[in-house]
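Presented below is the structure to which this report refers.
The values are calculated or read from the model by the stated rules, or taken from the named source; none is laboratory data. The model shown is predicted, which means the values in this text are computed figures rather than measured ones. Here Cβ is always computed from backbone atoms with ideal geometry, including for glycine, and neighbour counts include all displayed protein chains. We work out accessible area using only protein heavy atoms, side chains counted, and drop any ligands, DNA or RNA first. Shrake-Rupley method; radii C 1.70, N 1.55, O 1.52, S 1.80 Å.
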Number of protein chains: 2
Amino acid sequence: MSLASERAKPGASSKPTLYKRIRLDIETRILTGEWPPGHRIPFEHQLMARYRCSRMTVNKALSELAQADLIERRRRAGSFVRRPQHLSAVLKIADMRAEITALGRSYGYQLIDCRRRTATAADRARLGVSTAGKVIAIACRHSADNVPFAVEDRLIDLSTVPEAATADFAREPPGSWLLHHVPWTEAEHTISAVVADDRTAKALGIAVGAPCLVIDRYTWRSARTVTAVRLHYPGETHRLVARFKGG
Amino acid sequence: MSLASERAKPGASSKPTLYKRIRLDIETRILTGEWPPGHRIPFEHQLMARYRCSRMTVNKALSELAQADLIERRRRAGSFVRRPQHLSAVLKIADMRAEITALGRSYGYQLIDCRRRTATAADRARLGVSTAGKVIAIACRHSADNVPFAVEDRLIDLSTVPEAATADFAREPPGSWLLHHVPWTEAEHTISAVVADDRTAKALGIAVGAPCLVIDRYTWRSARTVTAVRLHYPGETHRLVARFKGG
DNA sequence: CACGATTATATGTCTAGACATATAAGTCAA
DNA sequence: TTGACTTATATGTCTAGACATATAATCGTG
């Protein structure tokens, strides 16, 4: 078989494209430990020869591996397998309805309290803003199969999201509304554990002193605060699962 | 100024390269909401004209945006702004020493118990394996500035990581050792809240009944279980922070 | 030996083409 | 109207070059 016929031919018998094959080959060597951290990956021109392709093709494969933090590329020196620095887990927090229906349970929602007001000093501190604009303060509860699932305590900055003034939070949970109306977000989550106080225990239908998982989420839209929300979950029954992956 | 002189010139006055500028331009339009979810991004040949560059250059910019899930690309149809599906937070769990020293505190480590044994039924259930190989069971404590920071209860499957038999876990925490000796991992984290029982309270120096954040982590290496670990943090003082990003 | 200048080289970016391929849209017959 | 066929088109991948740029290595010099 000639070199020419052995080569590329994108959609012949090999399903994946060439650059994907190169990427997978290298990835596999790294993941199996055949190429340990610090190992120098063959130079681009060596890979060109091995796979009989142009430099752009191997470059694309290597660039993607670098983007995924699997390798590090240094000019003049070459590309090297990175040592895993930390386990990073991706915590996917869908909106509450999606989270509950994904568990195969029926979703229930109750608005406990919703008021519109000029931001108090406490509100401003919580939202991290200095000017006293209007805010919406919401307390509500999510349930799964009619059992309390989480209580939510939220503040929305109306100067960032004026449209929220017209939303009907008795019908639609504020989390869902925001997810579908605020085009993009940056967020910070803080997870901690507390014991249920009187008010929380009552809302969740658990004993005072029972453990609760607390998630505080702050959401921004290009440097403007959108919302601050605190969620209380019954700690012994609820679990946050973060799957995947070494890096 | 002629078209030619206006063009590219990679390292002239513009610091970022052209494809990065294109990517940033589009990203900005999406993040500010100027191009809302569903909006069709100009076709590649239109972007070629706008930026006076070759198709490969705009393709690289668009490919990266697609990889980041900011846009969706469909053959024949074009590229479209994706609607945010869920908030996903990246939880970076470095090894304990790195986590504590990053806070500017001094790291301390004490091995409480370490024993090698043939896997019991409970061990096998916890590791999710069926055969009864050897395991190492470790209990230890991490402290920051001499204050208990977390207690760790770990099982290592020696049939997956035989090298662990020779590690000195009195000197090096098992998490660090594994991170540096097991080339790659997949993991699942489960986060929950409990109240401290007698043993945990004593180890952490907190009151019985105080809230604790619990992280269970299962780690695999290409379908083989590596380790199962349960970490207890004092819940009122410790916080897990997950930063970033809409998607 | 220490240190600054020079050189070689691997990666970073880019071009102007090419063909492959999925699919939206149009065409035509039943 | 509907379903099957054809066509146009935007993206997906690839090539064989090019110049830019950071930097490891080398070489000279004090």
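From the residues in segment B:27-45 that are of a type in the set (Val, Ile, Thr) and assigned to a helix (DSSP H, G or I), which one is surrounded by the fewest Cβ atoms within 10 Å (Cβ to Cβ)? Before the answer, list the steps.
Kept after step one, since they are of a type in the set (Val, Ile, Thr), are these residues of segment B:27-45: B:28, B:30, B:32, B:41.
Of the ones still in play, those that are also assigned to a helix (DSSP H, G or I) are B:28, B:30.
Working: B:28: 12, B:30: 21.
That would be B:28.
If residue A:50 passes every condition in (1) open to solvent by less than 50 Å² (accessible area, probe 1.4 Å); (2) more than 11 Å from DNA strand D (Cβ to nearest atom); (3) over 23 Å from residue B:183 (Cα atoms); (4) of a type outside the set (Gly, Ala, Ser) but one, which one does it miss?
The single condition residue A:50 does not satisfy is (1).
Name the residue that is surrounded by the most Cβ atoms within 10 Å (Cβ to Cβ), counting only residues in segment A:176-223 that are small (Gly, Ala, Ser) and touching a strand residue (DSSP E or B) at 6+ places or on another chain (Cβ under 7 Å). Walk me through it before giving the result.
Initial filter on segment A:176-223 (small (Gly, Ala, Ser)): A:176, A:187, A:192-193, A:196, A:201, A:203, A:205, A:207, A:209-210, A:222-223.
Next, from what is left, pick out any that are touching a strand residue (DSSP E or B) at 6+ places or on another chain (Cβ under 7 Å): A:187, A:192-193, A:196, A:203, A:205, A:209-210.
Details: A:187: 20, A:192: 21, A:193: 28, A:196: 23, A:203: 20, A:205: 11, A:209: 13, A:210: 19.
Checking each candidate, the answer is A:193.
Say we look at segment B:59-73 and pick out the residues that are of a type outside the set (Ser, Thr, Tyr) and near DNA strand D (Cβ under 8 Å from one of its atoms); which of these is most open to solvent (accessible area, probe 1.4 Å)? Outline the logic, then answer.
Taking segment B:59-73 as the starting set, the residues that turn out to be of a type outside the set (Ser, Thr, Tyr) are B:59-62, B:64-73.
This time we only want the ones that are near DNA strand D (Cβ under 8 Å from one of its atoms), so: B:59, B:62, B:66, B:73.
Details: B:59: 32, B:62: 1, B:66: 31, B:73: 85 Å².
Only one residue fits best here, namely B:73.
Does at least one position in segment A:74-84 carry a residue that is at pLDDT below 75 and away from DNA strand D (no atom under 16 Å from the Cβ)? Lay out the reasoning, then the answer.
Filtering segment A:74-84 down to residues at pLDDT below 75 leaves A:84.
Subset that is away from DNA strand D (no atom under 16 Å from the Cβ): A:84.
Scanning segment A:74-84 turns up at least one residue that is at pLDDT below 75 and away from DNA strand D (no atom under 16 Å from the Cβ).
Kindly evaluate residue B:164 against the criterion of being outside any strand (DSSP E or B) and surrounded by 20 or more Cβ atoms within 10 Å (Cβ to Cβ). Break it down into steps so the answer makes sense when it comes.
Details: outside any strand (DSSP E or B): yes; surrounded by 20 or more Cβ atoms within 10 Å (Cβ to Cβ): yes.
For residue B:164, the condition - outside any strand (DSSP E or B) and surrounded by 20 or more Cβ atoms within 10 Å (Cβ to Cβ) - is met.
Would you point out which residue out of A:100, A:156, A:136 is more than 16 Å from DNA strand C (Cβ to nearest atom), in a helix (DSSP H, G or I), surrounded by 20 or more Cβ atoms within 10 Å (Cβ to Cβ) and not aromatic (Phe, Trp, Tyr)? Spell out how you get there, then give the answer.
Values: A:156 fails: in a helix (DSSP H, G or I); A:136 fails: in a helix (DSSP H, G or I).
Exactly one of A:100, A:156, A:136 is more than 16 Å from DNA strand C (Cβ to nearest atom), in a helix (DSSP H, G or I), surrounded by 20 or more Cβ atoms within 10 Å (Cβ to Cβ) and not aromatic (Phe, Trp, Tyr), namely A:100.
Please state which one of B:97, B:50 is charged (D, E, K, R) and at pLDDT below 95. Working first, answer last.
Details: B:50 fails: at pLDDT below 95.
Matching residue, one of B:97, B:50: B:97.
Scan (1) open to solvent by 60 Å² or more (accessible area, probe 1.4 Å); (2) more than 14 Å from chain B (Cβ to nearest Cβ); (3) of a type in the set (Gly, Ala, Ser) for the single condition residue A:108 breaks and write down its number.
(1)
On the basis of being touching a residue at least 12 places away in the same chain (Cβ under 8 Å) and assigned to a strand (DSSP E or B), does residue B:203 make the cut?
Numbers: touching a residue at least 12 places away in the same chain (Cβ under 8 Å): yes; assigned to a strand (DSSP E or B): no.
For residue B:203, the condition - touching a residue at least 12 places away in the same chain (Cβ under 8 Å) and assigned to a strand (DSSP E or B) - is not met.
How do the pairs read when you match residues in segment B:138-160 that are under 13 Å from residue B:97 (Cα atoms) with residues anywhere that are outside any strand (DSSP E or B) and among the β-branched types (Val, Ile, Thr), using Cβ under 6 Å and keeping only pairs 6 or more apart or on different chains?
Cβ pairs passing all conditions: B:144/B:100.
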